[in-house]
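One structure is given below, encoded as structure tokens.
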Amino acid sequence: MSAHGYDLCGSLLLLSTCAMILELSGCTGPQSTLNPAGRGAEDIANLFWVMSAGAVIIWSMVVGLAVYAITLRTRPHDHQQTAIWVIGGGVIAPTVILTCLLIYGLGLLPPLLARAPAGSLTVDVEGHMWWWQVKYPQEDGTVIELANEIRIPVGQPVEFQLSSADVIHAFWIPALGGKMDMFPGRKTRLTLEPTRTGTFRGVCAEYCGTSHALMNFQVVVMEQSEFDEWLENQKSVPRWDENDQRDEGLALFMQAGCGACHSLRGTEANGTIGPDLTHAGSRLGIGADVLPNDADSFMRWISHTNSVKPEVQMPEFRTLTDNELRTLAEFLTNLK
Ligand code: CUA
């Protein structure tokens with residue numbers, strides 16, 4: 001091989017190694033499939049590593065043979081030897097390897113698609129353009145509703161019952177398991193079993209319009225006792241006692257018409273078009289996890305909805321004064 005050829009081979013090798021390191025460096029954190037925190041995600045991560053190892057081995061063999069043919073064995077091969085390489089390396093080896101990978105891959109599917117045992121926790125999630133409506137049906141027939149945040153206990157299977165209010169969305173918590181499409185007028189199911197506590201990020205994995213990429217949610221995996229406590233708090237209405245501006249804030253909320261789209265359990269606001277805001281202040285983010293949950297973000301969200309999330313249905317309340325916005329924002333952040 002000429003010096004030029006070696007240079008080319010070396011550069012390609014270096015380039016692909018750099019690309020791989022760059023890609024893998026983005027694979028930690030709350031939204032990573034390669035840092036699994038659930039049974040399904042562990043299987044999927046293993047599949048990735050098996051496939052990657054297979055690809056690296058096959059790639060090395062092919063490149064090794066190419067280098068061998070170009071540098072060490074430059075004279076022509078005889079007909080019989082060529083036939084062995086073509087049939088062995090081109091037909092038999094790929095058939096055997098791909099069949100093994102297919103059997104291994106298909107074997108992972110049944111547990112990923114299995115339903116949770118009867119009596120498991122069930123959470124209903126409905127996709128909307130562009131937010132997530134989350135419901136915890138209770139034994140007494142009541143429903144605890146929240147938005148863009150899911151909390152589940154660690155170490156046990158949870159069945160998500162998924163649907164959509166408008167177009168096709170897809171429910172995906174990469175750190176916990178596989179993804180599942182959400183269709184209008186039809187229910188799909190996905191069972192996930194978190195294996196460690198922590199806060200993870202969920203996303204919509206199906207293009208669903210302008211703000212598809214701004215449709216996220218947080219998933220908090222908690223110890224059972226913490227989860228029970230949290231659920232108990234969600235059942236109740238927020239404690240108002242020490243919040244002086246409660247009445248003023250609530251009056252503004254009703255006066256501005258927020259209650260036509262949003263619910264605040266325990267008040268006359270009972271809208272169903274937008275997210276339930278009963279415990280809005282206790283959530284980790286606002287606007288489907290687009291902004292942090294604080295008064296400044298609420299002010300920005302209420303007055304500039306459309307620039308934060310293009311084409312969102314919620315109108316911008318630009319007629320509110322700064323003082324009114326501040327009162328409303330503080331009222332909402334206090335709904336814990
Ligand atoms: Cu919902 Cu993409």
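Numbers for the structure displayed
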{"quantity": "Extent along principal axes [Cα atoms of the chain; Å; largest to smallest]", "calculated": "92, 48, 35"}
{"quantity": "Computed helical MRE - 222 nm, the chain, DSSP H runs ≥ 4 contributing -39500 (n - 2.57), nearest 500", "calculated": "-12500 deg cm²/dmol"}
{"quantity": "Positive dipole terminus of the chain, leading residue within 69, 203, 97 (C-beta point charges)", "calculated": "69"}
{"quantity": "Amide proton proximity set for residue 164, modelled H, under 5 Å, gap of 5+", "calculated": "127, 183, 185, 186"}
{"quantity": "Inter-probe distance in nm under a simple model that places probes 7 Å from Cα toward Cβ, at residue 307 and residue 207", "calculated": "2.7 nm"}
{"quantity": "Along principal axes, Cα extents of the stretch 165-251, largest first, whole Å", "calculated": "44, 34, 23"}
{"quantity": "Cα-Cα separations in the stretch 257-336 greater than 22 Å, expressed as whole percent", "calculated": "14 percent"}
{"quantity": "3J(HN,Hα) from dihedral phi, the stretch 98-112, Karplus parametrisation 6.51/-1.76/1.60, rounded to Hz, x for glycine, proline", "calculated": "5, 5, 4, 5, 5, 4, 4, x, 5, x, 7, 5, x, x, 5"}
{"quantity": "Volume of the Cα convex hull of the stretch 291-336, divided per residue and given in Å³", "calculated": "67 Å³"}
{"quantity": "Size of electric dipole in the chain: Cβ of Lys, Arg +1 and of Asp, Glu -1, about Cα centre, debye, nearest 20", "calculated": "1400 debye"}
{"quantity": "Nearby lysines by direct alpha-carbon distance to residue 187 (threshold 23 angstrom, same-chain neighbours under 8 apart not counted)", "calculated": "135, 179"}
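No value in this document is a laboratory result; all are computed from the given coordinates. This structure is a prediction, so every number in the text was calculated from the model and none was measured. In this analysis, Cβ positions are derived from the backbone assuming ideal geometry, glycine residues included, and neighbour counts consider all displayed protein chains.
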